[in-house]
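In what follows, a single structure is set out as structure tokens and then discussed.
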Amino acid sequence: MPRRILVTSALPYANGHIHIGHLVEYLQTDIWARFQRLRGERCLYLCADDTHGTAIMIRAQKEGRSELELIESMSRAHQRDFAGFQIQFDHYGSTHSEANRKLCVSIWQALREKGLVSERDVTQLFDPKTGIFLADRFVKGNCPRCGAPDQYGDSCEKCGSAYSASDLKNPVSVLSGATPEVRTAKHLFVEIEKLHDFLNQWTQGGDHLQTEIANYLKGHFLSEPLRDWDVSRPAPYFGFEIPDAPGHYWYVWYDAPIGYIAASDEWCAAHGENLDDWWRSDEVEIFHFIGKDISYFHTLFWPAMLKSAGLSLPRRVQVHGFLTVNGEKMSKSRGTFVMASTYLDHLDPAYLRYYYAAKLGPKVDDLDLNLEEFVAKVNADLVGKVVNLASRCARFVRSTGLSPAYPNDGGLFQAAATLGDEIADAFDGCDLAKAMRLTMSLADRANQYVDSVEPWKLAKDKGRAEELQSVCTVALNLYWQLVVYLSPVLPQLAEQTAELLGQRVSHWDNAKRPLLGGPVGDFKHLLSRVDAKKVQAMISASFAGDAPAPAAAPARVEARSEALLPLCSIDDFNRIDLRIARITQAEDVPGARKLIRLTVSLGDLGERTVFAGIKSAYAPESLIGKMVVVVANLTPRPMQFGLSEGMLLVAGDGSSLFLISPDAGASPGQRVR
């Protein structure tokens with residue numbers, strides 16, 4: 001019986017366009033949902049535009065059009081950008097819909113009936129220039145807890161604290177730059193402290209949340225009484241007026257998550273299904289993918305609303321970190337605040353889909369888009385390992401097709417089929433990075449096979465045509481397995497491969513059965529190498545300022561000398577992340593005189609492939625299990641034989657080499673200080 005899964009991403013706000021930071025979440029969710037469908041599960045991916053609030057009202061006034069015109073145009077732009085990145089929704093709606101209004105009323109009535117709604121005067125910040133009470137996002141100042149400057153009025157990006165805008169130190173109105181005045185108005189509140197026991201049990205029990213999020217909630221909120229949630233705003237405000245409180249409107253954070261249910265309701269209406277079968281059923285698993293900046297709302301207020309209304313609680317709230325570019329926050333002045341549409345003007349969406357997948361683990365870690373690594377990794381993995389595998393063999397069997405029986409390959413196909421179960425577990429557990437590492441390890445083995453059988457040499461001897469067909473059948477089936485495992489990440493490559501091999505990727509288990517006896521089409525270009533000049537053009541197009549756009553990926557300068565190098569500062573040294581690692585695999589690199597290909601484990605940080613020039617001192621088999629020190633944050637380096645993702649620390653005088661190893665008791669992943 002297939003699982004029934006309903007999956008959502010946070011609703012994009014209709015006040016701005018989609019940028020590459022947003023795409024971390026939507027690509028993660030799309031890949032996960034595609035994987036579930038490929039496994040045969042019934043999985044709906046639903047989303048909508050978040051359309052209410054003061055920001056929409058102010059922008060519409062400035063642009064001389066109605067709020068409806070604004071949100072409709074932004075919805076078209078959002079859906080265009082999502083489609084450009086091959087993000088596939090089952091339904092895309094809007095929080096400004098009749099379905100959402102009705103659900104807001106229904107859930108509000110449930111909160112009223114449970115005695116959770118109260119009313120009191122609120123001292124709030126008011127912009128004297130615009131005549132508007134300021135929403136949290138329209139006030140900036142110093143965090144009241146840690147003092148970090150330039151923080152918005154609801155939460156601090158520095159320390160993660162949540163607070164009221166009136167708590168900010170040195171507040172400033174984002175709308176006008178005026179110093180806000182303190183005024184009083186009636187507000188409605190939801191008293192979630194009355195659900196404290198339930199929220200404590202739900203967040204701390206089971207695996208609804210990542211450990212980091214559960215601990216964050218326990219330490220910051222659940223260890224003391226929960227503050228009441230302010231869910232109303234006085235007029236003027238663009239949103240839904242509260243039926244039993246005329247002149248007051250539901251705050252955007254009340255109706256936005258209800259938009260998940262409204263989108264479901266609209267999908268059900270279009271497909272003849274019942275909403276209760278999805279939102280009041282123990283058989284449905286609800287997954288929310290969100291960023292860590294909104295975990296507070298999704299893990300306390302949202303479960304409280306659902307519980308009160310008798311609706312299903314999320315099976316999982318999966319939280320991801322922020323995106324940095326070249327190690328820093330996205331910046332218009334550096335050209336790294338890249339809009340989705342700008343990216344699509346210059347680069348293939350497959351590049352970013354794969355790069356994000358290769359970076360996204362199951363924890364709440366920030367993700368860095370290093371542009372130099374981006375070019376190197378995509379070119380080495382997707383072009384050098386995957387696409388190159390098909391291009392090296394397909395042309396040799398264009399006239400004969402695949403062999404009718406699967407040839408002896410020394411167990412390669414079966415090993416890859418077996419590893420598919422571990423890759424599937426990684427996908428299901430939101431460890432996309434592990435899934436990509438495992439898949440690329442299969443690509444390495446497949447290319448080693450092709451290097452060993454050399455089909456281009458067999459093709460020169462007509463007497464070995466049957467042998468040529470056999471080795472190409474093996475190679476193309478190993479390629480087929482890679483495409484199956486990568487298809488949630490690279491749907492376009494899967495479609496192109498269907499044209500080449502005459503078989504569509506229809507189920508995860510396609511990787512367990514070889515393709516035999518079928519024709520092989522003309523090999524057509526599958527994926528281009530990333531052109532660094534196009535990356536630079538994208539950065540230039542995103543650059544804001546008077547100075548010239550900076551280089552996207554400056555060339556590395558390597559110096560070799562036995563003399564002392566120039567002095568470096570402690571800050572320079574602190575940029576080097578030295579980690580303990582255990583060597584789990586070691587093998588010769590065919591055609592390389594000095595290199596050994598190593599797989600090293602960094603514990604919770606995962607595995608890396610490192611090419612080390614130590615063959616003169618160490619036999620590969622002697623290295624298995626050794627503890628070593630690696631530079632873990634070195635920019636991956638593309639080599640003829642693959643991508644090296646780190647560097648071992650080795651001592652030597654030019655005639656001998658010695659691995660630097662930690663004392664007994666050290667563990668993989670520990671930082672060397």
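The values are calculated or read from the model by the stated rules, or taken from the named source; none is laboratory data. Quick caveat: nothing in here was measured; it's all calculated off a predicted structure. Ideal geometry is used to build each Cβ from the backbone, glycine not excepted, and the neighbour counts take in all protein chains shown. Accessible surface areas use protein heavy atoms only, side chains included; no ligands, DNA or RNA. Shrake-Rupley method; radii C 1.70, N 1.55, O 1.52, S 1.80 Å.
Structure above, values below:
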| item | result |
| --- | --- |
| Cα-based shape type of the stretch 131-176, given that a ≥ b ≥ c are square roots of the gyration tensor eigenvalues and the cut on a/c is 1.5 | prolate |
| For ASP365, distant residues with modelled amide H under 5 Å away | GLY321 |
| Three-way shape label, the stretch 57-147, alpha-carbon gyration tensor, a/c 1.5 | oblate |
| With Cα atoms, 0 to 90° folded angle of helix 252-271 axis to the chain main axis | 70 degrees |
| Cα-Cα over 20 Å, subset of LYS292/LYS359; LYS129/LYS329; LYS194/LYS307 | LYS129/LYS329 |
| Sparse-neighbour loop sites [trypsin sites (Lys or Arg not before Pro); the stretch 405-511; at most 16 other C-beta within 10 Å; DSSP] | LYS460, ARG504 |
| In degrees, nearest ten, helix 98-113 long axis to first principal axis of the chain (Cα) | 60 degrees |
| Normalised contact order of the stretch 54-147, rounded percent, pairs of Cα under 8 Å and 6 or more residues apart | 20 percent |
| With every protein chain in place, the chain: carbon and sulfur % of accessible area (1.4 Å) | 49 percent |
| For the stretch 412-474 versus the stretch 502-538, the gap between their alpha-carbon centres in whole angstrom | 14 Å |
| Contact order normalised by residue count of the stretch 117-234, Cα under 8 Å, 6+ apart, percent | 28 percent |
| Average accessible area per residue (Å²) across the chain - probe 1.4 Å, nucleic acids and ligands excluded | 44 Å² |
| Cα long-axis angle, helix 20-38 against the chain (0 to 90 degrees, to the nearest 10) | 70 degrees |
| Expected 222 nm ellipticity per residue - DSSP helices of 4 or more, -39500 (n - 2.57), all of the chain, to 500 | -10500 deg cm²/dmol |
| Contact order relative to length of the chain, as percent, for alpha carbon pairs under 8 angstrom and 6 or more apart | 12 percent |
| Cα gyration tensor category, rounded, prolate or oblate, for the stretch 327-374 with a/c compared to 1.5 | oblate |
